[in-house]
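K.L.:
Pasting a structure below so you can have a look.
What follows draws every value from the coordinates through simple rules; no lab data is involved. This structure is a prediction, so every number in the text was calculated from the model and none was measured. Heads up, the Cβs are rebuilt from the backbone with ideal geometry, glycines too, and the neighbour counts pull from every protein chain shown.
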């Protein structure tokens, strides 16, 4: 090693790096992992919608889940885990979100969580709408009540821009006005659409 | 201290890191590995991006050229812990088809928080080179002129998009509410310089600052590894600050480069602000050091610095996305940081997104040189296609 580098502060960094690597590794290993079986699939998918909105959207425009199968999203998520520094749980969450909204005929490779109860027609309510919006991860892509993602348009002040019929139709069929829309079709029942409508109206004081 | 001793310390560090990561965490890591019934065990897919475009340069005389490129990315997934990924590059320049292997790496996901990468990988120095340089990710049809290869239109870049052979550990900690800390530490073969550089007289910026290359030779030219790292703080869901640096010898005479980078990114609504800047310090050593002793360094050496930064803003409005970028490079003579030298480049662009991954991008580059160097203006338009 030359006398130049010996006099340079970076020579100290050379010696510091190997121990830092050890600390990095030890820290990561000690912090453990989140066990897949311990996670509620719906909660994981909801978290995945958030990660999709604030992490993936840093570099990518939102792509529709139907563009790829679950298997392909799984491989792509591993690639992005290494490239974009996602944690394992974040990567699994994004996969869970994309899988949960993937309606492509070839997509159904990953097992989906079985419905806990047969679908019933609940009475529409803002409370139920809030629960549906939360579990579906709407805020991953949209601002709702002042917080949320920027992939899609803000839903605050929505009723000043769109009439209720448009919103109702958009929730029921996101591509009715735009065949290239990347918004997933959650296949909400008509009464659940009304619940979400009521919730969106309630958060803007409507 | 000898290179051999350094390498031993590096090996000890790496092995220690590997052991530490595998030992206490492996049990939980293994428990997160899915059964074959739960997740498909393997997958192969081809993704990537391509470009087709046209550019006009004006440096007194006007020249125009068509260009095209394709960068297929091959992903081989095995289970939930291994991914092999390799990206090829094909482009046509002056009638000649160039091919290269941009990176080829194995990712070993050791735990939820730690990934080991081995092979030829994109070096996480700053953010642009590792994450933003693909044409369909970059919002403009041209790179900030700080990055690139000599021979491209426009100013001489300071660094290529860095990819090098080595080993890297990457960590990621999710702190909740969109916040987190990520980091990387790596050891690679290190830089070398293009022939014909580095032998000029002191004060001659063009000759003094060499053009670096990484990963051109998998052999180590000087038995001295390049060490580097980065740490990033995600302070809010859409606000990240990234610090990185590296050090390595680029010749077999003790000549060394040290580089430091600061990058930041902030998004609010459909507005995106990002930028990064770096400083590189060169210590030229050896009997053939340019301008020996003239730069204020120790006898027989010349020390020089150079650096630059870019800031970029974009606003998505439906399918349209106007973009503006300001790049500034400060060149240095020996032992001084002469901010009067170098250039500024202003780039104005407009994108039209046909789909989330297909865009028509146009950009106009206007250069303001602060030296005698003539820098052409340039208009570029291209299709960018992420597939």
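K.L.:
Once you average over the residues of B:117-127, how many Cβ atoms of partner chains fall within 10 Å of each Cβ?
P.N.:
Partner Cβ neighbours, averaged per residue: 1.
K.L.:
Just want the ordering: A:183, B:110, from fewest to most Cβ atoms lying within 10 Å of their own Cβ. Walk me through the intermediate numbers first.
P.N.:
Values: A:183 20, B:110 25.
Fewest-to-most Cβ neighbours within 10 Å comes out as A:183, B:110.
K.L.:
Okay, next question. Based on other C-beta atoms within 10 Å, arrange A:145, A:163, B:368 from fewest to most.
P.N.:
A:163, B:368, A:145
K.L.:
Same structure again: Residue B:271 versus residue B:61, label points 7 Å from Cα toward the beta carbon: distance in nm?
P.N.:
4.5 nm
K.L.:
Per residue of B:104-116, what is the mean number of Cβ atoms on other protein chains within 10 angstrom of that residue's Cβ?
P.N.:
Neighbouring Cβ atoms belonging to other protein chains average 6 per residue here.
K.L.:
How high is the relative contact order of region A:121-199, given as a whole-number percent (alpha carbon pairs under 8 Å, six or more residues apart)?
P.N.:
44 percent
K.L.:
If I take R0 = 45 Å and measure r between the Cβ atoms of residue B:46 and residue B:346 in this structure, what FRET efficiency does the formula 1/(1 + (r/R0)^6) give, to the nearest 0.05? If you can, show how the numbers build up before the last one.
P.N.:
On the way: r = 37 Å, r/R0 = 0.83.
It comes out at approximately 0.75.
K.L.:
Taking every residue in A:51-58, how many Cβ atoms of other protein chains lie within 10 Å of its Cβ, on average?
P.N.:
Average neighbour count from other chains, rounded to a whole number: 5.
K.L.:
What is the fewest-to-most order of A:79, B:382, B:42, B:113 by other Cβ atoms lying within 10 Å of their Cβ?
P.N.:
B:42, A:79, B:382, B:113
K.L.:
Here is a further query. Please compute the length gained on full extension between residue B:181 and residue B:223, using 0.36 nm multiplied by the number of residues separating them and subtracting their Cα-Cα distance.
P.N.:
Fully extending the segment from residue B:181 to residue B:223 adds 11.8 nm.
K.L.:
Using label points projected 7 Å from each Cα along Cα→Cβ, tell me how many nm separate residue B:101 and residue B:377, to one decimal.
P.N.:
About 4.4 nm separates the two model spin labels.
K.L.:
Let me ask something else. Ordered by packing density, taken as the mean number of other Cβ atoms within 10 Å over each peptide's residues, highest first, how do B:52-59, B:128-135 rank?
P.N.:
So the peptides B:52-59, B:128-135, ranked by packing, come out B:128-135, B:52-59.
K.L.:
Between residue B:91 and residue B:360, what is 0.36 nm times their sequence separation minus the Cα-Cα distance? Round to one decimal in nm.
P.N.:
Net length gain for the segment: 95.0 nm.
K.L.:
Would you please put B:323-329, B:121-127, B:310-316 in order of how densely packed they are, using the mean number of other Cβ atoms within 10 angstrom per residue and starting with the highest?
P.N.:
B:121-127, B:323-329, B:310-316
K.L.:
While we're looking at this one, here's another question. Over region B:85-168, calculate the relative contact order: mean separation of alpha carbon pairs under 8 Å at least 6 apart, over the residue count, as a percent.
P.N.:
Relative CO of region B:85-168 lands at 25 percent.
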